[in-house]
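Please read the structure below before turning to the comments.
The values are calculated or read from the model by the stated rules, or taken from the named source; none is laboratory data. Keep in mind it's a predicted model, so treat the numbers as computed, not measured. We place every Cβ from the backbone using ideal geometry, glycine too, and count neighbours over all the protein chains shown.
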């Protein structure tokens, strides 16, 4: 069975979206975008190679304008939303809009992923829902050495029981510390 892996960037003060986030400004003001090279590119390439489908939130999709006409993915993406929207295809990427909850999105993503992982990374609220439901197997946090001061925190709204994390890997560059965790879900 595929793993469900949170893959998300976060500021040192715990925010995954800061003020005025948008395309090219994932952490918002002060988030300092960069072109991945070296370790950062290796980590990204490894995650992409092991991913067969992704789940993102509608706000993320809207903030980045649906990633435009050139998708950065290369696998199916399932967008959690409360609003109906037709499926959209961009190159090798299909965007399917799921209105009936995280379990439905996960079932569709697992089927599409085959023997690869399902990535959860488009928005704190989506990650929080999956963590609270005990549906996450691993986390890849890209910890950026910036402070944004306000915005959306990753680990809010989880409620008890909190998952236990076991650090299984760490790599770093001047731009990020990439920390990999296995998640022990107490609610399973």
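Out of the residues in segment 56-84 that are assigned to a strand (DSSP E or B) and touching a helix residue (DSSP H, G or I) at 6+ places or on another chain (Cβ under 7 Å), which is surrounded by the fewest Cβ atoms within 10 Å (Cβ to Cβ)? Before you say what the answer is, go through the steps one by one.
Looking only at segment 56-84, we keep the residues that are assigned to a strand (DSSP E or B), and these are 56-57, 77-80.
Now narrow it down to the ones that are touching a helix residue (DSSP H, G or I) at 6+ places or on another chain (Cβ under 7 Å): 56-57, 78-80.
Working: 56: 23, 57: 20, 78: 25, 79: 26, 80: 27.
Selected residue: 57.
Quick one: how many residues across segment 154-179 are in contact with a strand residue (DSSP E or B) (Cβ under 6 Å, 6 or more places away or on another chain), in a strand (DSSP E or B) and surrounded by 13 or more Cβ atoms within 10 Å (Cβ to Cβ)?
The qualifying residues number 5.
Right, residue 182: part of a strand (DSSP E or B), touching a helix residue (DSSP H, G or I) at 6+ places or on another chain (Cβ under 8 Å) and touching a residue at least 24 places away in the same chain (Cβ under 8 Å) or not?
On the way: part of a strand (DSSP E or B): yes; touching a helix residue (DSSP H, G or I) at 6+ places or on another chain (Cβ under 8 Å): no; touching a residue at least 24 places away in the same chain (Cβ under 8 Å): yes.
So residue 182 fails the test.
Being buried (at least 22 other Cβ atoms within 10 Å of the Cβ) and within 21 Å of residue 184 (Cα to Cα) narrows it down to one of 135, 131, so name that one. It would help to see each step written out before you state the result.
Details: 135 fails: buried (at least 22 other Cβ atoms within 10 Å of the Cβ).
Testing whether each residue is buried (at least 22 other Cβ atoms within 10 Å of the Cβ) and within 21 Å of residue 184 (Cα to Cα) leaves just 131.
Any idea which of 124, 53, 138, 133 is at pLDDT 80 or above, under 30 Å from residue 175 (Cα atoms) and in contact with a helix residue (DSSP H, G or I) (Cβ under 8 Å, 6 or more places away or on another chain)? Talk me through it step by step, then tell me what you get.
Values: 124 fails: in contact with a helix residue (DSSP H, G or I) (Cβ under 8 Å, 6 or more places away or on another chain); 138 fails: in contact with a helix residue (DSSP H, G or I) (Cβ under 8 Å, 6 or more places away or on another chain); 133 fails: under 30 Å from residue 175 (Cα atoms).
None of the other options fit; the residue is 53.
Would you say residue 151 is surrounded by 16 or more Cβ atoms within 10 Å (Cβ to Cβ), touching a residue at least 40 places away in the same chain (Cβ under 8 Å) and farther than 21 Å from residue 48 by Cβ? Even if it seems obvious, please write down each step before you answer.
On the way: surrounded by 16 or more Cβ atoms within 10 Å (Cβ to Cβ): yes; touching a residue at least 40 places away in the same chain (Cβ under 8 Å): yes; farther than 21 Å from residue 48 by Cβ: yes.
Yes: the conditions hold for residue 151.
So in segment 17-49, with the set limited to residues that are under 14 Å from the mean Cα position of the chain (by Cα) and more than 15 Å from residue 179 (Cα to Cα), which one is modelled with the lowest pLDDT?
26
Mind checking whether some residue in segment 92-103 is at negative phi, out of contact with any strand residue (DSSP E or B) (no Cβ under 7 Å at 6 or more places or on another chain), at pLDDT below 85 and outside any loop (DSSP other than H, G, I, E, B)?
No; the residues of segment 92-103 include none that is at negative phi, out of contact with any strand residue (DSSP E or B) (no Cβ under 7 Å at 6 or more places or on another chain), at pLDDT below 85 and outside any loop (DSSP other than H, G, I, E, B).
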